[in-house]
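Colleague: Please read through the structure below; I'll follow up with questions.
Read-outs: derived from the displayed coordinates by stated rules, not from any lab. What you are looking at is a predicted structure, and each value in this text was computed from that prediction instead of being measured. Methodologically, a virtual Cβ is constructed for each residue, glycine included, from the backbone with ideal geometry; neighbour enumeration extends over all protein chains shown.
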Amino acid sequence: MREVVVVGGGVLGVSTAAHLARQGARVTLLTEAGLASEASGRSLSWLNSAGEFPAEYHRLRMLGLDRYRASGAHVSLRGGLRWGEGVRAAYEHQTAIGYPAEWLTPDEVAAGVPGVDPAAVPADGALFNPSEGWVDLPSLVDALAHDLVAAGGAVRTSAGACSPVVAGGRVTGVRTGDGAVVGADAVVLATGAGVPAALAELGVVVPDATSNALLVRTVPVDTPLTAVLNTPRVALRPAPGGSLAMDADWSAGEVVRRDDGSYAVPDATVAELLQEASRVLAGRPALTVESHGVGRKPVPGDGHPVLGPVPGVDGLHVAFTHSGATLGLIAGELLAGEVLSGEPSPLLSAFRVDRFPG
């Protein structure tokens, strides 16, 4: 039985660990802090393949959506609505490639997309993608961790900063924050924004475009909204318990990362984000913040996932992507298969580490 250590408590790490355990590996999952305590805990987790992606990336994202559709757990696939600059061109691209897309007038939005204020929709309409949705990643991560343990795996949270141990060009285990080493035949590194620095320690270059992220959650609000909304000033979706989750590029840009690694979030930024969300909702409800999550958003330098074996270090595999929510289930499945079989998946061939110059 292969001994595999997976480092990272987000959806990519826990999904990979659960798939490995289901296939008979002896798996230990190590997390620096708690499960979903980093990017997976503050992701809008919009499930989609709505962009102008290369064919290989679009195919992988569509498979990701299929896996969520099949599982049905902690997921809502009841559509996504967008409007703003470039959205009409996006609609034309989507129809050209066969991605489910509809162009709706404001009246059609009022009739078919509950909870949206049609007055906020531009007169020329909006793009509705009926196959899109969202997932509650903390709940999914907890469920996957339960599956991992049920299959005989182990979960060790609060293990501190973990790093691969390499000898003779091969990974032999993982050193935890207290200096202890957990031995392994293979290691999967899925530490989000920490991946590029960890690989750099091994002399492996992965360009990094990681940025700040801010996700605001409201207290429960009476709204029939079911779709994910992406508008020029706010993106938002329903969340478990009747609250709303929201973010925006402009609000993340106002987050300040201090020299000590902590973050400052201006109160005015959160207040404006709540106001922008209220403006696009039917009835314009008063929204009150319940909590906000702030930290780093993992983004590879070219924007595309980095998935698979690390060149020059036998037995070490990596998962690093901005689209962790959409790819969470499918990437974990494919990575687990590669680790155990040693056979590369053609579905991941476009996302290898060695596409970057050394």
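Colleague: Taking percent of Cα pairs over 35 Å apart straight from the coordinates, which label in (i) 28; (ii) 36; (iii) 24 is the correct one?
Modeller: (iii)
Colleague: To the nearest 0.05, how large is the calculated FRET efficiency for Leu202 and Ala70 if R₀ is 41 Å and r is the Cβ-Cβ distance?
Modeller: 0.70
Colleague: If you don't mind, another one. Report the Cα centroid-to-centroid distance between region 1-70 and region 193-208 in angstrom, as an integer.
Modeller: Cα centres, region 1-70 to region 193-208: 19 Å.
Colleague: What spacing in nm lies between the two simple spin-label points modelled at Ala154 and Ala119, each 7 Å away from Cα in the Cβ direction?
Modeller: Taking the simple label geometry, Ala154 and Ala119 are separated by 6.1 nm.
Colleague: Work out which helices of the chain, taken as complete DSSP H runs, extend at least 20 Å along their axis over the Cα atoms and score a mean Kyte-Doolittle of 0.5 or more, then list them.
Modeller: Numbers: long enough: 55-71 (24 Å, -0.89); 267-280 (21 Å, 0.10); 324-341 (25 Å, 1.28).
What comes out of the filter, once short or polar helices are dropped, is 324-341.
Colleague: Now for a separate question. Residue farthest toward the positive end of the dipole of the chain, with Cβ of Lys/Arg at +1 and Asp/Glu at -1: which of Val155, Tyr57, Ala36?
Modeller: Val155
Colleague: How big is the dipole moment of the chain about its Cα centre under a simple scheme where the beta carbon of each Lys and Arg is +1, that of each Asp and Glu is -1, and everything else is neutral? Debye, nearest 20, please.
Modeller: 520
Colleague: Let me ask you something else. What nm distance separates the two modelled labels at Ser291 and Ala110, each placed 7 Å from Cα along Cα→Cβ?
Modeller: Reported label-point gap for Ser291 and Ala110 is 3.8 nm.
Colleague: Counting only the backbone N, which residues of region 302-321 are under 12 Å from the spot 7 Å out from the Cα of Ser341 toward its beta-carbon?
Modeller: Answer for this model: none.
Colleague: How much length is gained if the chain between Arg170 and Arg59 is pulled fully straight, taking 0.36 nm per residue apart and subtracting their Cα-Cα distance, in nm to one decimal?
Modeller: Here the answer is 36.8 nm.
Colleague: Using a Förster distance of 35 Å, how high is the FRET efficiency between Ser139 and Asp222, based on the Cβ-Cβ distance and rounded to 0.05?
Modeller: For Ser139 and Asp222, the calculated efficiency is 0.95.
Colleague: Once a ≥ b ≥ c are taken as the square roots of the eigenvalues of the Cα gyration tensor of region 311-358, is the result rounded (a/c under 1.5), prolate (a/b larger than b/c) or oblate (a/b not larger than b/c)?
Modeller: Taking the square roots of the gyration eigenvalues as a ≥ b ≥ c, region 311-358 is oblate.
Colleague: Let me ask something additional. Put +1 on the Cβ of every Lys and Arg and -1 on every Asp and Glu Cβ in the chain; which of Leu287, Ala336, Leu214 then has its Cα farthest towards the positive end of the dipole?
Modeller: Value: Ala336.
Colleague: Could you list Tyr57, Tyr68 so that the one with the fewest beta carbons within 10 Å of its beta carbon is first and the one with the most is last?
Modeller: By the 10 Å Cβ count, ascending: Tyr57, Tyr68.
Colleague: Then there is this: In a GNM of the chain with a 10 Å cut-off on Cα contacts, which of Pro238, Pro346, Pro309 has the highest mean-square fluctuation?
Modeller: Result for the chain, Cα springs under 10 Å: Pro346 fluctuates most.
Colleague: Once you list every other residue whose beta carbon is under 11 Å from the beta carbon of Glu272, what net charge do they have if Lys and Arg are +1 and Asp and Glu are -1?
Modeller: After counting each charged neighbour, the total is -1.
Colleague: With a point put 7 Å past each Cα toward its Cβ, work out how far Asp267 is from His93 in nm, to one decimal.
Modeller: 4.1
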